[in-house]
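Comments concern the structure below.
The values are calculated or read from the model by the stated rules, or taken from the named source; none is laboratory data. On a predicted model such as this, the values are computed, not experimentally measured, just so you know. Don't worry about glycine lacking a Cβ; one is built from the backbone with ideal geometry, like all the others, and counts go over all protein chains shown. Only protein heavy atoms, including side chains, enter the accessible area calculation; ligands, DNA and RNA are left aside. Shrake-Rupley method; radii C 1.70, N 1.55, O 1.52, S 1.80 Å.
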Amino acid sequence: MTATTATTPPTAASATKPERRAGLTVRGWTVVIAVGAAVFLELAPRVGLVDPFSVIPLSEMVVQLGKLLATGEFWASALAPSLSAIGLAFVLAIVLGVIVGIILWEVRPVRSVVEPWLTIYYAIPTFALYPLIVAVLGVGVLPIVLLGTMFAIVVVITSTLTGLDATSTTIVRLAASLQMSRFARATKILVPAALPHIVTGSRLALSYALIGVLASEFVLSTSGLGHFISRAYNDFAFADMYAGVLLVFILAGVVNAIFAFVARRQPGVAQ
């Protein structure tokens, strides 16, 4: 008699077990790399691996950042302008990007013309346009928000198109059979169906808005975190400069953590 061996299907726990590389998960490697970078930044200036005048230890950056955050002037002149500009650029990129994405998806001839330009958009030096933008809009928060929006909007458009392309034809036909208006179909059918891809694109858009606003503040603003870092560099105030850079890293980390938290609660969203 031949014995048969029953194979047990994998359990849910084993199916969702995180992938490991050299014994660590992706999150574990992230922690290891972050800790390693922190140790290097702390020890390298102290033991002479880098010039201690140019690069201060990480602990001194943290102390200086704490001092800056304790002053109302830093919040009013540096942090608040940047956060408000980033938030406004991000909202505009999401709203306009989703609208443009839906229009391109609905009007296929226009999409066939525009889509090739979307694929090479980030190869175009957007910041090269800032002299023209300054000439038209002047110096202030408006050109900064515009540049941040321009830097972030394309990833929202492409993610919206990807989400709409992945929408089941049955859902689209159902909306057509209900004779819904274009606005109702967009808000009640298309956007909810494409939402997982839009959320993923929004995560990148916020990072791009942060980069666009801070980079613009280096050359276009007399306030904001980017201007603060640029001024500290020009004044050789390296403690302030590195404290500002550290704050940028913290802001980026908080942004990614928030979107990762949202993604875990959205089925189908890439994390």
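Structure summary
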{"item": "Sum of side-chain charges, residue 197 neighbourhood, beta-carbon under 15 Å (Lys, Arg +1; Asp, Glu -1)", "result": "0"}
{"item": "Listed residues 71, 167, 222, 30 arranged by accessible area, highest first, probe 1.4 Å", "result": "222, 30, 71, 167"}
{"item": "Centre separation in Å (Cα based) which lies between the range 59-127 and the range 145-160", "result": "7 Å"}
{"item": "Note, ³J(HN,Hα) from phi for the range 119-124, Karplus 6.51, -1.76, 1.60, rounded to Hz, x at Gly and Pro", "result": "5, 10, 4, 6, 7, 8"}
{"item": "Heavy-atom surface of the chain, accessible at 1.4 Å and reported per residue (Å²)", "result": "59 Å²"}
{"item": "Spatial separation of Cα centroids for the range 164-185 and the range 188-247, in angstrom", "result": "36 Å"}
{"item": "Among 105, 29, 117: highest mean-square fluctuation, GNM of the chain, C-alpha pairs under 10 Å", "result": "29"}
{"item": "Integer Hz, Karplus 6.51/-1.76/1.60 couplings in order for the range 160-173, x for Gly and Pro", "result": "5, 4, 4, x, 5, 5, 7, 5, 4, 4, 5, 5, 5, 5"}
{"item": "Highest-fluctuation residue, 28, 253, 36 considered, GNM on the chain with Cα pairs under 10 Å", "result": "28"}
{"item": "Carbon and sulfur %, accessible surface of the range 106-216 computed with the full protein complex present, 1.4 Å", "result": "72 percent"}
{"item": "Ellipsoid semi-axes in whole angstrom, largest first, where each is sqrt(5λ) of the Cα gyration tensor of the chain", "result": "40, 32, 15"}
{"item": "Apportionment of accessible area to carbon and sulfur, the range 18-69, percent (1.4 Å)", "result": "72 percent"}
{"item": "Reciprocal mean inverse distance between Cα atoms of the range 6-147 - Kirkwood radius, Å", "result": "21.4 Å"}
{"item": "For residue 235, solvent-accessible area (1.4 Å; no DNA, RNA or ligand), Å²", "result": "100 Å²"}
{"item": "Rounded accessible area of residue 106 (nearest 10 Å², 1.4 Å probe)", "result": "50 Å²"}
{"item": "Contact order relative to length of the chain, as percent, for alpha carbon pairs under 8 angstrom and 6 or more apart", "result": "23 percent"}
